[in-house]
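What follows is a single structure, written as structure tokens, with notes after it.
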Amino acid sequence: MTKLRWVVSGLLMTAMAHAQNPQIDLANLREDVRGLSQKVAELSLRVEQLEQQNRDLQTKLGGNDKNYVTLAQLNDAIADLTRTIKAGDTANAERTAGQIKKLGDATNAALDSLAKGMATRPVVQTTFADDYSKEGVSYTVQKGDTLAVIAKKTGAKQQDIINANKIGDASKIQAGQTLFIPGGK
């Protein structure tokens, strides 16, 4: 109630300072105070209702002691759960280690196979000479053509065709591909 008086006093002082018609402002303030008093009464009633509900709930909970466990029971349950998890972790760790070993063996076998395959592949040319004729003709690779066949057909040297077109792997030419044939006819 003391806070309410401070609020009312503050409102009265503010209203008087700015009032053009003091009687109207005073009537407005009285109405505001009446409204605030009504709200305070409503809130007090609501607080009383909540306190009663709280007491009712506490009374209901007083008879339900069976829903609670002791600290010792809780510690025992946690210890059992911990033992179960550790046992499962050990089994999972052993199973995972076996799977990792199998995957490692399979990876090593695949790497060995790749290494053997790389040893039998022809060396890919990565440097090309510039000593071929800069004049020549275009040639469209036909199905079944090889560089040797194209060189024979055009009268050019196979190495000049490789250098002019920077062909790293002669087995990779394809039908439809256009090649420059240095000095070719």
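The values are calculated or read from the model by the stated rules, or taken from the named source; none is laboratory data. All of these numbers come straight from a predicted model, not from anything done at the bench. FYI the Cβ positions are ideal-geometry reconstructions off the backbone, even for glycines, and counts take in every protein chain you see.
Computed values, structure above
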| quantity | calculated |
| --- | --- |
| Gln159 vs. criteria surrounded by 10 or more Cβ atoms within 10 Å (Cβ to Cβ) and at pLDDT 80 or above | yes |
| Sole exception among (1) under 30 Å from Lys157 (Cβ atoms); (2) among the aliphatic types (A, V, I, L, M); (3) modelled with pLDDT of 80 or more for Ile85, by number | (1) |
| Ala19 vs. criteria surrounded by 10 or more Cβ atoms within 10 Å (Cβ to Cβ), at pLDDT 75 or above and more than 54 Å from the chain's Cα centre (by Cα) | no |
